[in-house]
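Single-structure report; data block below.
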Amino acid sequence: MKTKVLHLLSSNSYSGAENVVCHIIDMFKDEIDMAYCSPIGTIKESLDEKNIDYLPLEKVSYIELKKVISSYKPDIIHAHDIRASVIAAQFSKKVPIISHLHGKFEEMTKLSVKSILYRLCIYRFRHIFAVSQSIIKDYYFSHTLAKKGSVLYNVVNEQALIELVKNEPKYNFDFIFLGRFSYPKNPKRLIKIIAMIVTRMPNATFVLIGSGNLLEETKLLAKELNVYKNITFTGYVKNPYPYLKSSKVMLMTSRTEGTPMCVLEAMLFGIPVISTAIDGIKEIIDHGSNGYYFYTDDEIVNQAIQLINNEELRKTKSIEVYKKGKVINNMESYRDKLFKIYRNNFFLNNEIKR
């Protein structure tokens, strides 16, 4: 009988962490039975398309999760991010829990309800994965986390990306943003930067892909700054990769990041990334070689314009970006690290049951 792993998430829509989980499930489909468990929402459509077993919840709670555990009987629970991990920790005496931190949150870097709750649960986790070193280093109780944690950088399957752009429409954009319109992504700063670029490049084109609670406010600001005509807002797109492949430069203005999937995907298409100087970006981009990160808007704008206007420079950077993308996106190494933790905890759990 195959090992059964239950992936628990607190979100109900498809974005970065959800993308990672789908990759993991696909990676182990021939060896491990895996199910995706989260509050019901638009995520169901994405999971149906990928033929992933879905166990919906009304909400992430002790009672709801208890029902799923009773029916699915997982050998391991792989909980993704803080809320799911804290809820899953309540079942640690019955099932081994692996916690997986996908993002860096300000509340976790200081003494807060969230950081304390997670700290109280750490001893219940068999292992903790973080998608960047800074998530571990900057956690308020970092010493405790480091004892059980390891860094597992996200990866992207290049062949899967290639398949997703075959026979798809081709576009032509100067710049692309791909992500949630939410506070951590700082989309209003992005619009202000776009306005600065358009002042110097009136015909510059931008495609902004994604949904989120700040989408309408972002659109309103674009209209106020008179750049709405330069921007294509797509909303949520099931397959954003034809847009990505058809863009010249990726812009990011995040306040914080783990290992952003969109950057890894951009690299495999040879698309240079210009970002704010945040820890998760610094861990995967070598500034000036295979991408850029800056502290000020002026620096971002100047580099963005230079890359668009200098095709030779852009081609050179594209080659370097792709090379780095190939190194980072090592699927075999990623799979081996995960499998080792799954295997060790499955055997350990069987020892406990006996």
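Quick notes on this one:
- Counting only strands (runs of 3 or more DSSP E) that sit completely within segment 188-296, those holding 3 or more residues that are among the hydrophobic types (A, V, I, L, M, F, W, C) and touching a strand residue (DSSP E or B) at 6+ places or on another chain (Cβ under 9 Å) correspond to 206-209, 247-252.
- Against the test of being assigned by TED's automatic domain parsing to the domain that holds Leu268 and over 20 Å from the mean Cα position of the chain (by Cα), the options Phe141, Phe181, Phe173 yield a single qualifying residue, Phe173.
- When restricted to residues that are over 19 Å from Ala84 (Cβ atoms) and either surrounded by 17 or more Cβ atoms within 10 Å (Cβ to Cβ) or touching a Pro at 6+ places or on another chain (Cβ under 9 Å) (or both), segment 107-127 contains 1.
- Residue check, Glu265 outside the structural domain of Gly103 (by TED's automatic domain parsing), of a type in the set (Asp, Glu) and within 23 Å of Ile25 (Cβ to Cβ): yes
- Restricting Val198, Val263 to residues that are in contact with a helix residue (DSSP H, G or I) (Cβ under 8 Å, 6 or more places away or on another chain) and surrounded by fewer than 23 Cβ atoms within 10 Å (Cβ to Cβ) narrows the list to Val198.
- Where Lys340 falls short, out of the listed (1) surrounded by fewer than 18 Cβ atoms within 10 Å (Cβ to Cβ); (2) in a helix (DSSP H, G or I); (3) within 22 Å of the chain's Cα centre (by Cα): (3)
- Residue check for Val249: in contact with a helix residue (DSSP H, G or I) (Cβ under 6 Å, 6 or more places away or on another chain), touching a residue at least 12 places away in the same chain (Cβ under 8 Å) and among the aliphatic types (A, V, I, L, M): yes
- For segment 63-74, the criterion of being part of a strand (DSSP E or B) and touching a residue at least 24 places away in the same chain (Cβ under 8 Å) is met by none of the residues.
- Within segment 161-170, tally of residues that are touching a residue at least 24 places away in the same chain (Cβ under 8 Å) and either in the same structural domain as Arg335 (by TED's automatic domain parsing) or in a helix (DSSP H, G or I) (or both): 3
- The residue of segment 144-170 that is farthest from the chain's Cα centre (by Cα), among those that are within 23 Å of Met252 (Cβ to Cβ) and either of a type in the set (Asp, Glu) or surrounded by 20 or more Cβ atoms within 10 Å (Cβ to Cβ) (or both), is Glu158.
Conditions (1) out of contact with any helix residue (DSSP H, G or I) (no Cβ under 9 Å at 6 or more places or on another chain); (2) modelled with pLDDT under 90, marked per residue:
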site: Ser15; (1), (2): no, yes
site: Met27; (1), (2): no, no
site: Met34; (1), (2): no, no
site: Ser38; (1), (2): no, no
site: Asp48; (1), (2): yes, no
site: Tyr62; (1), (2): no, no
site: Leu65; (1), (2): no, no
site: Val68; (1), (2): yes, no
site: Asp75; (1), (2): no, no
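- Among the candidates Ala130, Ala222, residue that is touching a Leu at 6+ places or on another chain (Cβ under 7 Å) and crowded, with 21+ Cβ neighbours inside 10 Å: Ala130
- One residue from Ile328, Ile305, Ile281, Ile341 being closer than 23 Å to Ile193 by Cα and at pLDDT below 95: Ile281
- Within segment 24-33, the set of residues being under 20 Å from the mean Cα position of the chain (by Cα) and either outside the structural domain of Ile63 (by TED's automatic domain parsing) or of a type in the set (A, V, I, L, M) (or both) comprises Ile24, Ile25, Met27.
- When residues of segment 269-282 are limited to those that are under 16 Å from the mean Cα position of the chain (by Cα) and surrounded by 18 or more Cβ atoms within 10 Å (Cβ to Cβ), the one nearest to Arg189 (Cα to Cα): Ser275
The values are calculated or read from the model by the stated rules, or taken from the named source; none is laboratory data. On a predicted model such as this, the values are computed, not experimentally measured, just so you know. As a convention, Cβ positions derive from the backbone with ideal geometry for all residues, glycine included, and neighbour counts pool all protein chains shown.
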